[in-house]
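Taking it in order: structure first as structure tokens, then the write-up.
All of the numbers you see were taken from the coordinates with simple rules; none came from a lab. Owing to the predicted nature of the structure, the values given are computational and were not obtained by experimental measurement. Positions of Cβ are backbone-derived with ideal geometry, glycine not excepted, and every protein chain shown enters the neighbour counts.
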Amino acid sequence: MNWQTVLVILFVFLIAEAMTVWTVRRLCQHEANAKKQKPEQARLSSIQRRKRLNRVLFLHDTRAEKLVEEAISLAQAKTEFLAKVSHELRTPLTSILGVSEMLDYGVYGPLSREQKDAVRIIADCTQHMARLVADLLEQARLERGNFKLEMADFVLEDVIVRLKRYNAPLARAKGLTLDFEISPEVPPILHGDAQRVYQIMHNLVENAIKYTPSGEVKVRIFVEDGARCAIQVSDTGVGIPKELQSRIFDPFLQLNNGSNGNGNGNGNGNGRARTNGNGSKAEQYHPSNGFGLGLSIVKQLVSLMNGEIRLKSEDGKGSIFTVVLPILITSEQSA
Amino acid sequence: MSSPIALIIEDDETIGEIFTIALKEAQYDPIYLRNGREALERLSLLQPNLVVLDLHLPRLPGAMILRAIRSDTRLSRTQIIVVSADEALAEDLRGDADAVLIKPVGFYQVRDLAHQMKMARSDIE
């Protein structure tokens, strides 16, 4: 060992010792301040310093563990709270929706055209609020990080029947065609979390209906690359401007001033601009049209399923969302 | 010909009224009950064609009523629509129900579904 090496080792040793002294002083100072002691009382010998350092580090580790436990328990409490709130909100929402639809139907006597329009707004907003409540709960579940997929074989047709049951009346009410096309190579039984696959499809279809003033919404299911199942939802709706496409899956996306074409800003709801009947851009989104959680949830679920999502859209000419999921039954699963 | 009987078991009175009118519109003869125990007693005397069942009920949970109907051979032809705000519980019971609706549920939705179920049953018969 030459003298340069000895100098380097000595230097490193001194630096390490200085750092230890400095760290202990800081921690002692911190503790002394916490106990309102004078800093002088905290001066200790070298051995005492090291013992104190170990004890302080142990205490910090314990505190960190306690903080993590508290954070997990808080997240759990948040989800439980949201579940409770969601349950409590859904019952009065049923009354509002039911009574407004009975008014619309004329159970309590005939309504004028204006009164009918007003009643339909109440019903639409109630449906929207219900969707938000469900989305917020799902987002909280996803944020907890311990979201588990329930994998099992499921019948694709059952998922399609459920989708039609909810979405066909919505499409019919807007005068839209809702079409389903299942390619013959797609097997009737798939393997995955059926409820989440339904949710992905439902969010995409509901979104497409919402932002399509006229024309059609089409769902195509086919096999991609011979190994994965592709679910494609296309619409003839308002489309998504290019500059918003990279952010369309962000939760609570807000449009900036000018990005919606009329310069007023303040809009939200997945950033899709609303058009009037002739297809020209008419107005920005009203907050009642959503916080854009639906597509964010779709992206998170697709990612959990090791799938991918693609978007092709042109402003004013409709959108095509393609979700590709590994839900075809493999030879190992069928064995 | 008399209308088919529909039993509505729901603790919220406003929702009970909405379902009653919706089922009348679907050409049923609805009977509205507010608690689970009473519903079970009536089920021992009646053979309803349709039961619209809430899950969180006073005195006896809806899940127990669902199981009681499904285990009673006398009620083997009774169709059941579970209507609940508790999505997780309702999904767990989907296998025993003919249909599951998650609240909020509209007047039109209940009327149309009940009507479809009646038509499907009469097609089979």
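From other protein chains only, count the Cβ atoms within 10 Å of every residue's Cβ in A:154-166, then give the mean.
So the per-residue partner count for this stretch is 1.
Highest mean first, what order results for A:101-109, A:197-205 on Cβ atoms within 10 Å?
A:197-205, A:101-109
Residue-wise, which Karplus ³J(HN,Hα) couplings in Hz belong to region A:174-181, taking 6.51 cos²θ - 1.76 cosθ + 1.60, θ = phi - 60°, and x for glycine or proline?
So the Karplus estimates, Gly and Pro as x, are 9, x, 9, 8, 10, 10, 10, 9 Hz.
What per residue convex hull volume, in Å³, comes out for region B:5-124 when only alpha-carbon positions are used?
Residue-normalised Cα hull volume stands at 89 Å³.
Within region A:147-201, list the GluC sites (Glu not before Pro) lying in a DSSP loop whose Cβ has at most 15 other Cβ atoms in a 10 Å radius.
Those that pass, being in a loop and sparsely packed, are A:GLU150, A:GLU185.
Looking only at region B:57-82, which residues have a backbone nitrogen under 20 Å from a spot 7 Å from the Cα of B:ARG37 in the C-beta direction?
Answer for this model: B:57-69.
Once the convex hull of the C-alpha atoms of region A:136-235 is built, how many Å³ does it hold per residue, rounded to a whole number?
114 Å³
Can you pick out the pairs among A:LYS84/A:LYS116; A:LYS78/B:LYS103; A:LYS164/B:LYS103; A:LYS84/A:LYS174; B:LYS24/B:LYS103; A:LYS210/B:LYS24 whose Cα atoms lie more than 26 Å from each other?
A:LYS84/A:LYS116; A:LYS84/A:LYS174; A:LYS210/B:LYS24, as the Cα separations exceed 26 Å there.
With each label point set 7 Å from Cα along the Cα-Cβ vector, what nm distance links B:GLN116 and A:SER183?
According to this spin-label approximation, the distance is 2.8 nm.
Can you run phi through the Karplus equation (6.51, -1.76, 1.60; θ = phi - 60°) for region A:318-323 and list ³J(HN,Hα) in whole Hz, with x for Gly and Pro?
After applying 6.51 cos²θ - 1.76 cosθ + 1.60, I find x, 9, 10, 9, 10, 10 Hz.
Tell me, what HN-Hα J-couplings in whole Hz come from the Karplus equation 6.51 cos²θ - 1.76 cosθ + 1.60 at θ = phi - 60° for each residue of region A:192-200, using x for Gly and Pro?
Once θ is set to phi - 60°, the couplings for region A:192-200 become x, 8, 4, 5, 6, 5, 4, 4, 4 Hz.
At a Cα cut-off below 19 Å, give the aspartates and glutamates reachable from A:LYS218, other chains included and same-chain residues fewer than 8 away excluded.
The qualifying aspartates and glutamates are A:GLU157, A:ASP158, A:ASP179, A:GLU181, A:GLU185, A:GLU206, A:ASP235, A:GLU314, A:ASP315.
Using the alpha-carbon centroid of each, what span in Å lies between region B:30-68 and region A:60-127?
That distance is 26 Å.
Between A:ASN54 and A:VAL85, 0.36 nm times their residue separation minus their Cα-Cα distance comes to what?
Going from the current span to full extension adds 6.6 nm.
Binned at 5 Å from 0, what are the whole-percent values of the Cα-Cα distance distribution for region A:91-202, short to long?
Values per bin, smallest distances first: 2, 9, 13, 16, 16, 14, 12, 8, 5, 3, 0.
Which of the GluC sites (Glu not before Pro) found in region B:1-77 are loop residues per DSSP with 11 or fewer other Cβ atoms within 10 Å of their Cβ?
Sites meeting the loop and neighbour criteria: none at all.
So, in nm, how far is label A:GLU143 from label B:ARG70 when the simple model puts each one 7 Å beyond its Cα toward the Cβ?
A separation of 3.5 nm, rounded to one decimal place.
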